[in-house]
Amino acid sequence: MFAKRMGWLRVTIVAMASVTAAGCDPIVNVQGSFFPAWIVCMTVGIVCAAVGRQVLVVTKLEPHVGPLVLIYPSLWLLTTLLTWLVFYRT
């Protein structure tokens with residue numbers, strides 16, 4: 001019972017921290033709708049990771065790169081953060 005309460009406490013703290021930090025990101029105008037810039041960066045990261053996977057499959061390097069459960073999320077994170085740094089660095 002105590003562990004369940006601590007889990008909810010942790011979720012509540014994370015939710016409160018994310019609510020206070022939500023206003024700190026830049027806003028991007030996409031065809032008249034305003035989106036937080038991190039959504040755009042995550043979408044670019046997903047597309048780049050999918051393209052990177054296709055490149056690894058076509059070049060037949062996918063079996064040799066290591067554990068795929070680590071490689072593709074790392075590729076997604078790398079491209080997401082690079083997109084953020086290139087376009088929204090201040």
Query raised in the report: Failed condition for V14, given (1) modelled with pLDDT of 70 or more; (2) open to solvent by 60 Å² or more (accessible area, probe 1.4 Å); (3) among the aliphatic types (A, V, I, L, M), with all others met?
Result: (1)
Query raised in the report: Only one of V40, V51, V65 is over 19 Å from the mean Cα position of the chain (by Cα) and at pLDDT 70 or above; which?
Result: V65
Query raised in the report: Restricted to the stretch 68-90, and to residues that are open to solvent by less than 60 Å² (accessible area, probe 1.4 Å) and of a type in the set (V, I, T), which residue is farthest from the chain's Cα centre (by Cα)?
Result: I71
Report task. Pairs only if they're at least six apart or on different chains, beta carbon under 6 angstrom, first in the stretch 48-73 and without any contact (Cβ under 8 Å) to a residue 60 or more places away in the chain, second surrounded by 12 or more Cβ atoms within 10 Å (Cβ to Cβ) and not in a helix (DSSP H, G or I); list them, first residue then second. Result -> I71/V65
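The values are calculated or read from the model by the stated rules, or taken from the named source; none is laboratory data. All values derive from a computational prediction rather than experimental measurement. We place every Cβ from the backbone using ideal geometry, glycine too, and count neighbours over all the protein chains shown. Each accessible area value is taken on the protein alone, full model and side chains, heavy atoms only, with ligands, DNA and RNA left out. Shrake-Rupley method; radii C 1.70, N 1.55, O 1.52, S 1.80 Å.
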